[in-house]
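Participant: This is the structure I have questions about; it appears just below.
Just so it is clear, none of the values below were taken in a lab; they were calculated from the coordinates. Just so you know, these numbers come straight off a predicted model, no measurement behind them. Because the Cβ atoms are built from the backbone with ideal geometry, glycine has one as well, and the counts that use them run over all protein chains shown.
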Amino acid sequence: MPVTTQQKQSSKPYYLPVVMTVAVLLFTACGSDESGAATAVQDSNINNNIGSIYNTSCISCHAGGNAAAPRAHDVAAWQPKLAKGIEVLLANVKSGFGAMPPKGMCYDCDDEQLRALINYMAAPK
Ligand code: HEC
């Protein structure tokens, strides 16, 4: 019908500015939030990274399967360990300690990562 076609055509320029305005508002909102979002992503990457190293290297013994190993997130079990000092613990992990092989089997880990792993396991979940 010619009337319907006319209505459709006349409605086009009415909607277009609304759609454009919404698009611009959405874009502006994302732009102003960008730096905060990037920082949050970076922080969670560091945490995820330590968590994933724990999951691949330390978990097999420290999740509780190996009775001699202090259990991860068992604060009471870690307290006497932490009392030795983080640098002593780091040295013990690097050289191997009791039934624990050198570097807790994370051969790619640097000192900073091993310290973070110790603090991660010593902290409550
Ligand atoms: C093959 C098993 C095993 C793996 C894998 C392992 N550990 Fe251990 N870990 C142990 C055992 C067993 C002990 C307790 C040794 C003892 O007290 O005789 C221990 C103790 C420790 C201690 C305390 C050392 C001290 O001075 O009392 C730290 C710190 C530690 N582990 C960190 C780690 C970290 C970090 C990782 C992963 C990168 C890891 N471990 C992986 C078995 C393991």
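Participant: Applying the selection to segment 68-104, what residues are touching a helix residue (DSSP H, G or I) at 6+ places or on another chain (Cβ under 7 Å), within 15 Å of SER57 (Cα to Cα) and loosely packed, with under 15 Cβ neighbours inside 10 Å?
Facilitator: Correct list: LYS94, GLY96, PRO102.
Participant: Between a residue in segment 77-89 that is under 16 Å from LEU114 (Cα atoms) and any residue that is charged (D, E, K, R) and not in a loop (DSSP other than H, G, I, E, B), which pairs come within a Cβ distance under 7 Å, given they are 6 or more apart or on different chains?
Facilitator: Every condition considered, the pairs that remain are ILE86/ARG115; LEU89/LYS81.
Participant: OK, next. Give the number of residues within segment 47-57 that are within 8 Å of the ligand (Cβ to nearest atom) and farther than 16 Å from PRO124 by Cα.
Facilitator: Residues flagged as within 8 Å of the ligand (Cβ to nearest atom) and farther than 16 Å from PRO124 by Cα within segment 47-57 amount to 2.
Participant: May I ask you to list the residues in segment 95-117 that are under 17 Å from ILE50 (Cα atoms), free of Cβ contacts under 8 Å to residues at least 60 places away in the same chain and not acidic (Asp, Glu)?
Facilitator: Result: LYS103, GLY104, MET105, CYS106, TYR107, CYS109, LEU114, ARG115.
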